[in-house]
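All remarks here apply to the structure that follows.
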Amino acid sequence: MTVTYTARVANARFGGFYKLLLLWRGSIYKLLYKEFLVFFIMYSALSITYRFLLTEDRRRCFEKVSLYCNNYANLIPVSFVLGFYVTLVVNRWWNQYLCMPIPDRLMCAISATVHGSDERGRMYRRTLMRYCSMSGLLILRSVSTAAFKRFPTIDHVVEAGFMTRHERKKFENLHSSYNKYWVPCVWFCSLAAQARSEGRIRDDHAYKMLIQELNTFRGNCSMLFHYDWISVPLVYTQVVTIAVYSYFLSCIIGRQFLDPSQGYSGHELDLYVPVFTLLQFFFYAGWLKVAEQLINPFGEDDDDFETNFLIDRNFQVSMLAVDEMYGDVPLLVKDRYWNDSDPHPPYTAATLFQKHQPSFQGSTFDMALAKEDMQFQPLSDIEEMNEETYNHPFPLFNRLLPGVGPSPLSSSAALTTPFLAPGSRMTLLRRSTSSASRSSGSLYQESPQDPTQAGTLPHPETRPHDVPVQSLFQAETHPSFIPHSEVTAHIADTIAATQEVEAKTLYEAF
């Protein structure tokens, strides 16, 4: 039976857990006292042998062995492997409880979708619910020793009223070497389809919802079967058990109090009783016993699941919901707060102190601001953040966003010039023609002396970085006009070179 102590620790107070330390049923003392006595007796026997039965030479030899065991016992990773193991087992234990076949959702679905106040409608609902209870019983008696002892054979299931004799014949005539807990679920689907054809289930949406709830119930039964089938890997359990027991076997020898006259480090005192070694055994071995108890919660330990109680509860509640409570609705009346727009349920004298007035409105509800800080400001007085006023610290990254940052046609030396929107070719041409007469550093002011190199433009890497890109367009006003295709190619090369220089500058800055 599960040990429940939740009500005893409802309030946190001084010494609130000390009463729990005195409980025996479900306690660590009940689990561990036999192993603890064996460990203490073995330690005491070895201590008596060392002190009174060994010769002087044998004692010196035993002391060397004891020091050796004490030095190397800490190499066994007890806390590491034990901590992971217990965490795995506890998570598995709780997940198994979440997979218990609880029919509450399914009984509400049956009561809401399978209609009919006559005897046949009642028979439909009760039979559907009984099939669910039968499936849950079959899986529980397959995994729980307590449930199997209560229903050891199918005859006991028939005698208990979960299965009729005709259903038993069909169940046994279905030859399968596997667990047949799913058979009542198939009967449920067939019976639900029959009720749908008779109009007991009024639409396909209700029928779909009913089958979905059945699949959820059947999935929980399946997960219980798989949890019982797939255990924690045996090698992990063996490693943890061997680590714990080998560690404390070495402690029986290595934690002995040696003769203080020999001057061994750490053995200046002879206390006879190893208090902290016993506490360490209590904690580590108790941790292992917790895992041993929780690894299979379907047994008969103090903290195992009460499967027989769940069987009784589920069957009674489900039948009550789909039969006696079907259509039995209280009168539809106005509630007590019908005309009250702000209802306040009353408090008793014992709970009056819990009433909060006023109620919690949020963490900023009591925040105070100065009167001048709460005045709205005209939008005309607020300077907008645009391309001309906003400082871009990373022009290379801003270039990747359309319409943000400097134009990709601007060089590093021309970043201080007014912003030129991308794609405004007419503006670029006007600026280039208007600046032709003012610029004296143009690359194309004089035609080359060599006629074969008349249309050749300098390589972008040889062009000085302080020459604006707009100077490239001054070739249109020069008498020796360069072809349009070569100008376009040179502009592309110049842009690529500028981006490369800016990328290098940004990389060195970072």
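The values are calculated or read from the model by the stated rules, or taken from the named source; none is laboratory data. A quick note: this is a predicted structure, and the numbers were derived from the prediction, not measured. No Cβ is skipped: glycine too gets one built from the backbone with ideal geometry, and neighbour counts run over all protein chains shown. Please note that ligands, DNA and RNA were not included when accessible areas were found on the heavy atoms of the full protein model with its side chains. Shrake-Rupley method; radii C 1.70, N 1.55, O 1.52, S 1.80 Å.
Here are a few things to note about the model shown:
- The accessible surface of the range 27-94, taken with every protein chain in place and a 1.4 Å probe, is 69 percent carbon and sulfur.
- Restricting the range 1-82 to trypsin sites (Lys or Arg not before Pro) that sit in a DSSP loop and have at most 15 other Cβ atoms within 10 Å of their own Cβ leaves Arg13, Lys19, Arg25.
- The figure for Leu53 is an accessible area of roughly 130 square angstrom, using a 1.4 Å probe on the protein chains alone.
- With all protein chains modelled, accessible area of Asp373 [1.4 Å, Å²]: 110
- Computing FRET efficiency as 1/(1 + (r/R0)^6) for Ser27 and Ala370, where r is the C-beta to C-beta distance and R0 is 60 Å, gives about 0.45.
- Distance histogram for the range 30-131 (every C-alpha pair counted, 10 angstrom bins, percent rounded to whole numbers): 11, 17, 18, 13, 11, 9, 8, 8, 4, 1
- Around Ala321: net Lys/Arg minus Asp/Glu count, Cβ-Cβ under 10 Å: -2
- Residue-level accessible surface for Leu138, protein heavy atoms, 1.4 Å, Å²: 10
- Sequentially through the range 324-334, phi angles give Karplus couplings (6.51, -1.76, 1.60; θ = phi - 60°) of 5, 8, 5, x, 8, 10, x, 5, 7, 10, 6 Hz, Gly and Pro residues having no value and appearing as x.
- Rounded to the nearest whole Hz, the Karplus-based 3J(HN,Hα) values (6.51 cos²θ - 1.76 cosθ + 1.60, θ = phi - 60°) of the range 9-23 follow the sequence 10, 5, 10, 7, 8, 5, x, x, 9, 5, 5, 5, 6, 9, 6, with x at glycine and proline.
- Scattering from the range 244-371 was approximated by placing one identical point on each alpha carbon and applying the Debye formula without solvent; log10 I(q)/I(0) at 0.13 1/Å stands at -0.91.
- Here is the list for the range 288-369: GluC sites (Glu not before Pro) lying in DSSP coil, each with at most 16 other C-beta atoms within 10 angstrom of its C-beta, are Glu300, Glu306.
- Average accessible area per residue (Å²) across the range 282-352 - probe 1.4 Å, nucleic acids and ligands excluded: 68
- Which listed pairs, of Lys180/Lys289; Lys30/Lys149; Lys30/Lys64, have C-alpha distances above 26 Å, in listed order: Lys180/Lys289; Lys30/Lys64
- Accessible-area composition of the range 328-381, carbon plus sulfur, in percent [1.4 Å probe]: 58
- Heavy-atom accessible area per residue - the range 80-158, 1.4 Å, Å²: 43
- Sum of side-chain charges, Thr49 neighbourhood, beta-carbon under 11 Å (Lys, Arg +1; Asp, Glu -1): +3
- Taking a Cβ cut-off of under 14 Å around Leu22, the surrounding Lys, Arg, Asp and Glu residues balance to a net charge of +4, with basic ones at +1 and acidic ones at -1.
- Residue-wise HN-Hα coupling along the range 60-65, computed from phi with Karplus coefficients 6.51, -1.76, 1.60 (Hz; x: Gly, Pro): 4, 5, 5, 5, 5, 5
- Loop-located trypsin sites (Lys or Arg not before Pro) in the range 274-353 whose Cβ has at most 15 other Cβ within 10 Å (DSSP): Lys334, Arg336
- Residue-normalised accessible area of the range 1-62, given per residue in Å² at a 1.4 Å probe: 78
- Orientation-averaged projected area, Cα convex hull of the range 174-255 (nm²): 9.4
- When the alpha carbon coordinates of the range 60-204 are projected onto the principal axes, the ranges are 92, 33, 24 Å, largest first.
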